[in-house]
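Some notes on the structure that comes next.
The values are calculated or read from the model by the stated rules, or taken from the named source; none is laboratory data. Only a predicted model underlies this, so the values are computations on that prediction, with no experimental measurement involved. Because the Cβ atoms are built from the backbone with ideal geometry, glycine has one as well, and the counts that use them run over all protein chains shown.
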Amino acid sequence: MKNQAPLNLPALYFDGRKDKTLKIVKKGTKRYKQVVIEEHVSVIKEPESIYVGYVTPLQGTAKAIEISINALLSAKNISTVDLLAIGCDGTVTNTGKFNGVIRLFERRLQRPLQWIICMLHLNELPLRHLFDYLDGKTSGPSTYNGPIGKLLDKCETRAVVEFESIPGQLPTLKPDDLSTDQKYLFEITLAVITGSCADDLANKSPGKMSHARWLTKANRILRLYISTPTPSTNLIILAQYIVKVYTPVWFQIKTHSSCKDGSRHLWKLIESSRFLSNAYFAHPENLLLAMLTDGEKHIRELAARRILKARSSPTTEKLPRNFEVPELNFDAKSYIDLINWQETNFDPPILKNQTNDELIQIIEKKGDETMLFLRLPCHTQAVERSVKIVTEAAMSACDKKARDGIIHAKLASRKAMPKFDSRQDFFYKNE
């Protein structure tokens with residue numbers, strides 16, 4: 001590897017969790033297996049969602065995570081010269097404007113990067129706050145104090161009753177593209193919209209109960225709703241929010257997963273709920289990507305003009321700009337009016353390789369031209385799948401080299417045989 005040219009990295013996505021990990025501990029002259037809690041941060045390359053590896057930072061701080069990821073890239077001979085974007089969830093450790101992981105990468109590289117903060121996590125926040133407000137806080141790792149939360153754990157054992165339908169709309173999609181829990185969310189939401197739940201759906205599991213899994217929590221809230229003869233006002237409010245806001249936005253993100261669509265997803269969420277505490281895709285650098293790919297020609301032209309203006313403006317800053325979430329205009333009639341453009345002057349880092357001539361061409365043709373730039377996912381589901389595999393490997397082997405072997409073997413197996421759709425797929429077919 002050391003004799004090869006460094007591998008390029010257009011975008012880096014990362015996510016982590018604390019895992020139970022099997023280790024060899026030496027006591028005196030003997031060695032023993034022991035289970036410890038260890039933080040693992042998984043890293044993938046985008047596009048293509050290629051697994052790079054995982055790291056074990058010495059601490060959970062942004063600095064420790066940034067140092068460990070850079071050490072991994074160096075060990076793998078992966079260059080950050082062409083790095084344009086970083087994707088992760090919206091925790092302050094990652095997104096702190098002065099010392100978050102992304103900011104530390106920008107300071108190391110001495111240039112701004114495109115911030116891709118997971119839209120699926122963003123979609124969870126309003127539901128989380130609404131649930132806490134209506135039903136109270138948690139009482140344990142998977143339990144609640146409130147009257148609704150206490151019933152969620154065993155909701156699937158309750159009989160379905162006649163329930164009042166809730167109007168809503170869902171996009172058309174292919175069920176085969178969904179995981180089991182995602183398919184359940186789609187089907188249970190559709191059942192509430194139509195006012196009818198099939199026996200097969202009633203007998204399915206809504207998914208594991210966990211404070212960290214809001215998709216399955218939404219599943220359980222709707223399952224509780226259709227099995228409650230006289231639902232409380234708070235349960236009705238939660239069910240309405242899930243049917244009218246949470247589920248439609250979730251599947252809009254799933255079916256339009258490019259970073260160019262992130263600002264439109266944000267607008268859909270704001271328009272539907274008028275509640276938000278996280279607005280990374282309202283930053284001008286992300287809004288401009290949406291505007292460059294808008295269906296209206298004059299909006300594409302306007303985006304090109306604003307980017308050219310930013311590129312031609314002199315700057316005296318020695319460090320990359322600080323990425324700050326802007327104040328939002330909740331009375332906006334369109335996503336392009338979410339912020340005050342008079343106070344902004346930004347060139348999206350992901351457009352680093354796009355020339356001024358390309359922008360001028362869009363302007364000269366009055367927006368009757370499109371710009372091709374790097375399409376990256378606006379969510380972190382791919383790296384979350386890697387996190388799950390790393391978690392499984394942590395209890396399967398005692399040393400990192402062996403765990404890496406297990407991880408790569410699983411990834412290769414899934415690539416070769418991603419899914420068996422029917423019984424005939426298990427057998428060799430004679431030509």
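Details
- Residue count for the stretch 170-213 under the criterion of being at pLDDT 90 or above, within 24 Å of the chain's Cα centre (by Cα) and not hydroxyl-bearing (Ser, Thr, Tyr): the result is 11.
- Subset of the stretch 127-157 (residues that are surrounded by 13 or more Cβ atoms within 10 Å (Cβ to Cβ), more than 16 Å from Leu215 (Cα to Cα) and of a type in the set (Lys, Arg)): Lys150
- Check on Lys254, surrounded by fewer than 20 Cβ atoms within 10 Å (Cβ to Cβ), of a type in the set (Lys, Arg), under 26 Å from Leu173 (Cβ atoms) and within 15 Å of the chain's Cα centre (by Cα): yes
- Tally of residues being at pLDDT 85 or above and part of a loop (DSSP other than H, G, I, E, B) across the stretch 330-347: 9
- Long-range neighbours under 7 Å by Cβ, at least six apart or interchain, first residue in a strand (DSSP E or B) within the stretch 69-93, second among the charged types (D, E, K, R): Gly87/Glu46; Cys88/Asp15
- For the stretch 283-309, a residue qualifies if it is within 29 Å of the chain's Cα centre (by Cα) and surrounded by fewer than 17 Cβ atoms within 10 Å (Cβ to Cβ), and the qualifying residues are Gly295, Glu296.
- The requirement of being surrounded by fewer than 21 Cβ atoms within 10 Å (Cβ to Cβ), in the same structural domain as Val390 (by TED's automatic domain parsing), within 17 Å of Ala393 (Cβ to Cβ) and modelled with pLDDT under 90 is satisfied by Lys33.
- Reported count of residues in the stretch 349-407, each being polar (S, T, N, Q), crowded, with 17+ Cβ neighbours inside 10 Å and more than 30 Å from Val249 (Cα to Cα), is 1.
- Meets criteria (in contact with a Leu (Cβ under 6 Å, 6 or more places away or on another chain) and in the same structural domain as Asp132 (by TED's automatic domain parsing)) for Asn219: yes
- Checking the stated criteria, Val243 turns out to be aliphatic (A, V, I, L, M) and either in contact with a Gly (Cβ under 6 Å, 6 or more places away or on another chain) or assigned to a loop (DSSP other than H, G, I, E, B) (or both).
- Every pair of residues 6+ apart whose Cβ atoms lie under 9 Å, when the first sits in the stretch 51-67 and is under 12 Å from Val101 (Cβ atoms) while the second is of a type in the set (Asp, Glu) and in a helix (DSSP H, G or I): Pro57/Glu66
- Unique match (being among the β-branched types (Val, Ile, Thr) and more than 16 Å from Ile237 (Cα to Cα)) among Thr172, Thr189: Thr172
- Once the stretch 22-61 is narrowed to residues that are polar (S, T, N, Q) and out of contact with any Leu (no Cβ under 9 Å at 6 or more places or on another chain), the residue that is farthest from Asn94 (Cα to Cα) is Thr29.
- Single residue of the stretch 77-109 satisfying the filter (touching a Phe, Trp or Tyr at 6+ places or on another chain (Cβ under 9 Å) and of a type in the set (Val, Ile, Thr)) that is surrounded by the fewest Cβ atoms within 10 Å (Cβ to Cβ): Thr80
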